[in-house]
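K.L.:
Can you read through this structure? Questions will come right after.
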Amino acid sequence: MSDLTDISVTEALVGLAGKKFSAVELAKAHIAAMESARALNAFITETPKLAMKQAIESDARRAAGRAGAMDGIPLGIKDLYCTKDVRTTAASHILGEFTPTYESTVTQKLFDAGCVMLGKTNLDEFAMGSSNITSYFGPAISPWSGKDPVKANRKLVPGGSSGGSSAAVAGRFAMAATGTDTGGSIRQPASFTGIVGMKPTYGRCSRWGIVAFASSLDQAGPMTRTVADAALMLRVMAGFDSKDSTSVDQAVPDFVTALGTSIKGMKIGIPREYRIDGISAEIDNLWQKGAAMLRDAGAEIVEISLPHTKYSLAVYYIIAPAEASSNLARYDGVRYGLRVPGENLINMYENTRAEGFGKEVRRRILIGTYVLSAGYYDAYYLKAQKVRRCIRNDFEEAFKKCDAILTPTAPSTAFAIGEKQDDPIQMYLNDVFTVPLNLVGLPGISVPVGLGSDGLPLGLQLIGRAFDEMTLFKAASALEKAANFNHKPPFMAGT
Ligand code: GLN
C-alpha cells in the first residue's frame, strides 16, 4: 500500500492543492493497487487508460487554476451507471458487451468536478441482492476475509448490491466509489466493510443513465471512508436534472459545512419496535452505545414509534419486483446486448431472457409479473402501496418528535460466500433496517461504529427528514468522531 492510497478524499485534495503529489501520481498508485487486488473481483471492467488520461487533464486544470471540487480523485463507478464508450453490464449476461453512447448524469457531474475513473465495480445482477453473489461475473470478495482473502477459510461477502464498490473503498484500491441503493445496497455493504455509505433523499440525485431496478426506490449515493468525503462527494453528485422526471429542483447545500458542528439539543429518535424484533444482543449493544455517544455529544435521545415498519420487507418484495419486472421488459434481445436466436420472434425473446438473466433476477421477474397481473394487482400491488403510505405516515409522526433516527444498519456482520444462499428469505432479511427508507424516500447514512465479536465491522444508520441531509451529516460526523472507528481490513491493496 502506498501512502497515496490510504488517505481520504479530503486529505488527497489538500495534498493535490499543496502540490505534494499530482493527480497522475495518485492515479498511478490506485491503478497499481487495483491491479494488485484483482483476486477480489471488485471491478468488472478496469479503465486504467482512461484514468491516466483524466489524471493528466486534471493536473493541467489544476496548473491553470481551474481545478474542480474533486479534481484528480480516483473513483470506482458501480457498473450500473452508464458510462459513455465504456462497457456497462449491470453484472448481467443479458447486457453482454453493451457499451453506452451516453454518460449518466451523476457520472457526468463527477467528471465535470474532475474525478478520475479507475473502472466499473462489481455488483449483484441488476443490483438485486445483498452479497454481490448474484453477479454474472462472480462474487466480489471482502478485504476483511483475511490478509490473503482468496485463501481465507471463510471468504466473506462485501455486502451488496454495491459490493465491488465497498470492497474497493475498504481495501484501499479506490479512494471512493459510487453506489446505488434500492433497499439498502449502499448502506449494508458500507456496514459490512467498515466504510461510510450515504443514500440521499429520493430525487436528490438524478437517476438518468443509471440502469433501472425499481424506479420509485432507486437512488445514487457516495461510498467513502469518512463522513466528510461523503458530504463532499454527494454535493457533486446531487442536483436537479430535467432528464429525470423524479429529480427534485432543490438547492444543494454545501454539506461539508455541517461537519463538526454541535449537535447540542438535536433530538435523536430510537424506534421502540426495532428493539424487540429478534435483534441480536451484539447489535443491540452497539446501538445503545451509539445512542450514548450521541447523547454525550449533546443530543437528546427520544423514544419514537414506527409501528408499520414491520411490514416494510413484505411491501418491498412486492413493489421492487413489480417495478423490476416492468423495467426489465426492455431486455428483449433486440435493443441491447445478448441475443439468443430462436425459430421465431417469441422464441428468440424466450431464449434470450432465459439465458441472459440469472436465477435471482428471474425470480424477481416472476414475482413482479404475478403481483401485477389482473386479479392479483389489487390484492398485492395496490395493498402494498397502501401499506407503504402507512409507513410514510409513521415517519411523518416520528419526525414531529425528533430530528434524526438512529438504528442498526444491518442485522449482522458480513457472512461468508455460500451462506444464506439457498434461502432467499434469509438473504432478504438483511435489509430489514434499510428498506423502510427507500419505501418513503428518506435519506440515510451508515457510519462504521464498532466490531462484532468476530472482529468484523458493524455500522449504525442515521435517518433524516426528506432533503435534510445537512442534519444527517451533522449527526453522522458527531457519531463518527465519538466512535473513532480506525480499524482497517487485514487486506489492503499493495501491501
Ligand atoms: N438487497 C435488496 C434487494 O435485493 C436491495 C438491493 C438494492 O438496494 N439494490 O433487492
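Quick note: the coordinates plus some simple rules give every number you see, no bench work behind them. Note that this is a predicted model, so its numbers are computed, not measured. Heads up, the Cβs are rebuilt from the backbone with ideal geometry, glycines too, and the neighbour counts pull from every protein chain shown.
K.L.:
When the Cα atoms of region 1-125 are enclosed in a convex hull and the volume is divided per residue, what value in Å³ results?
P.N.:
Roughly 101 Å³ of hull volume per residue.
K.L.:
Is region 396-495 best put as rounded, prolate or oblate by its Cα gyration tensor, with a ≥ b ≥ c the root eigenvalues, rounded for a/c under 1.5, and otherwise prolate when a/b is larger than b/c, oblate when not?
P.N.:
Oblate, because a/c is 1.5 or more while a/b does not exceed b/c.
K.L.:
Still on this model: Provide the FRET efficiency to the nearest 0.05 for the Ala374-Lys19 pair, computing r from the beta carbons and using R0 = 56 Å.
P.N.:
E(calc), rounded to 0.05, equals 0.25.
K.L.:
Let me ask something else about it. Hand me the trypsin sites (Lys or Arg not before Pro) from region 247-304 located in a DSSP loop with no more than 12 other Cβ atoms within 10 Å, in residue order please.
P.N.:
Lys264
K.L.:
Okay, moving on. I need the fraction of alpha carbon pairs in region 408-467 separated by more than 19 Å, rounded to a whole percent.
P.N.:
Everything past 19 Å amounts to 39 percent.
K.L.:
Next question. Kindly give Rg over Rh for region 56-195, based on alpha-carbon atoms, with the Kirkwood expression for the hydrodynamic radius.
P.N.:
Result for region 56-195 is an Rg/Rh of 1.01.
K.L.:
Where in the chain are the DSSP H helices whose alpha-carbon span along the long axis reaches 24 Å or more and whose Kyte-Doolittle mean is at least 0.0?
P.N.:
none
K.L.:
Roughly how compact is region 342-457, stated as its Cα Rg over 2.2 N^0.38 Å to two decimals?
P.N.:
Dividing the Cα radius of gyration by 2.2 N^0.38 Å gives 1.46.
K.L.:
Sorted from largest down, what three extents in whole angstroms do the Cα atoms of region 157-203 have along their principal axes?
P.N.:
30, 20, 14
K.L.:
Determine the distance separating the Cα centre of region 1-63 from the Cα centre of region 72-130; give it in Å without decimals.
P.N.:
17 Å
K.L.:
Further question: Nearest 5 is fine: what % of DSSP beta bridges in the chain come out antiparallel, could you say?
P.N.:
65 percent
K.L.:
Can you give the FRET efficiency for Ala281 and Lys401, using 1/(1 + (r/R0)^6), R0 = 35 Å, r = Cβ-Cβ distance, to the nearest 0.05?
P.N.:
The formula returns an efficiency of 0.80 here.
K.L.:
Quick one: what Rg and Dmax do you get for region 258-309 from the alpha carbons, in Å?
P.N.:
12.5, 35
K.L.:
Straight-line reach from Lys109: which aspartates and glutamates fall under 13 Å, measuring Cα to Cα and dropping same-chain residues less than 8 apart?
P.N.:
Asp71, Asp241
K.L.:
Based on the alpha carbons, how large is the Rg to Rh ratio for the chain when Rh follows Kirkwood?
P.N.:
Over the Cα atoms of the chain, Rg/Rh equals 0.95.
K.L.:
What is the Cα centroid distance between region 331-371 and region 403-427, reported in whole angstrom?
P.N.:
The two parts, judged by their Cα centres, are 29 Å apart.
K.L.:
In the structure shown, do any of Lys78/Lys310; Lys49/Lys120; Lys53/Lys474 have a Cα-Cα gap over 25 Å, and if so which?
P.N.:
Lys78/Lys310; Lys53/Lys474
K.L.:
For region 120-152, which trypsin sites (Lys or Arg not before Pro) are both in a DSSP coil and crowded by at most 12 other Cβ atoms within 10 Å?
P.N.:
Of the trypsin sites (Lys or Arg not before Pro), the ones in loops of region 120-152 whose Cβ has at most 12 other Cβ atoms within 10 Å are Lys147.
K.L.:
When we measure straight from the Cα of Lys155, which aspartates and glutamates land under 16 angstrom away, once same-chain ones fewer than 8 places off are left out?
P.N.:
List returned: Glu419, Asp454.
K.L.:
Tell me the Kirkwood hydrodynamic radius of region 209-263 in angstroms, computed as one over the mean inverse distance between distinct C-alpha pairs.
P.N.:
13.0 Å
K.L.:
Roughly how big is the chain's charge dipole about its Cα centre, with Cβ charges of +1 (Lys, Arg) and -1 (Asp, Glu), in debye to the nearest 20?
P.N.:
340 debye
K.L.:
Which residues' amide hydrogens lie under 5 Å from the amide hydrogen of Val449, considering only partners 5 or more residues apart or on another chain, with H built in the peptide plane?
P.N.:
Leu458, Gly459, Leu460
K.L.:
What does the net charge come to around Ile391 if you take all other residues with beta carbon closer than 12 Å to its beta carbon, with K and R at +1 and D and E at -1?
P.N.:
+1
K.L.:
Note the direction-averaged projected area, equal to a quarter of the hull surface, for the Cα convex hull of region 180-298, in nm².
P.N.:
9.0 nm²
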